[in-house]
1. Right, A42: open to solvent by less than 50 Å² (accessible area, probe 1.4 Å) and at pLDDT 95 or above or not?
2. Checking V77 against (1) part of a helix (DSSP H, G or I); (2) in contact with a helix residue (DSSP H, G or I) (Cβ under 7 Å, 6 or more places away or on another chain), only one condition comes out false. Which one?
3. From L50, L20, grab the single residue that is farther than 23 Å from A85 by Cβ and aliphatic (A, V, I, L, M).
Amino acid sequence: MRIVKFALVGASGIIVNEGLLWLLTEVAGLFYLLSSAFAIEASIITNFLLNNAWTFRDRAGNTGLKRRGLKFNLVSVGGLAINMAVLFL
């Protein structure tokens, strides 16, 4: 069941990413690379929080939430850089 939860959280991250990208680019008029950076970061944060609260609730707890969130974000920045490079190309 954990893998299903993990997949659903990942799918929600896609919705957050694409929805925010559209809103920031098309509605707010931001440059698409800047919009993408904000959208990717928002999806990283929401994925971490959802996985912490739902998928890995039995393991995570709230101890060190900020520290674990920062570590997760730092690891995910590599993916952000790859996404930005591909989008630019």
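1. Answer is yes for this residue.
2. All conditions pass for V77, except number (2).
3. None of the others qualify; the one that does is L50.
The rows are residues; the columns are (1) of a type in the set (K, R); (2) in contact with a Lys or Arg (Cβ under 6 Å, 6 or more places away or on another chain); (3) open to solvent by less than 60 Å² (accessible area, probe 1.4 Å); (4) in contact (Cβ under 8 Å) with a residue 12 or more places away in the chain.
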residue	(1), (2), (3), (4)
L21	no, no, yes, yes
T25	no, no, yes, no
S35	no, no, yes, yes
F48	no, no, yes, yes
T55	no, yes, yes, yes
K71	yes, no, no, no
G78	no, no, yes, no
L89	no, no, no, no
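Rundown of residues vs (1) touching a helix residue (DSSP H, G or I) at 6+ places or on another chain (Cβ under 8 Å); (2) at pLDDT below 95, yes/no style:
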{"position": "L24", "(1), (2)": "yes, no"}
{"position": "W54", "(1), (2)": "yes, yes"}
{"position": "T63", "(1), (2)": "no, yes"}
{"position": "L70", "(1), (2)": "no, yes"}
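The values are calculated or read from the model by the stated rules, or taken from the named source; none is laboratory data. These figures come from a predicted structure and were not determined experimentally. Glycine gets a Cβ as well: all are built from the backbone with ideal geometry, and neighbour counts include every protein chain shown. Just so you know, the surface numbers come from the protein's heavy atoms only, side chains and all, with ligands and any DNA or RNA stripped out. Shrake-Rupley method; radii C 1.70, N 1.55, O 1.52, S 1.80 Å.
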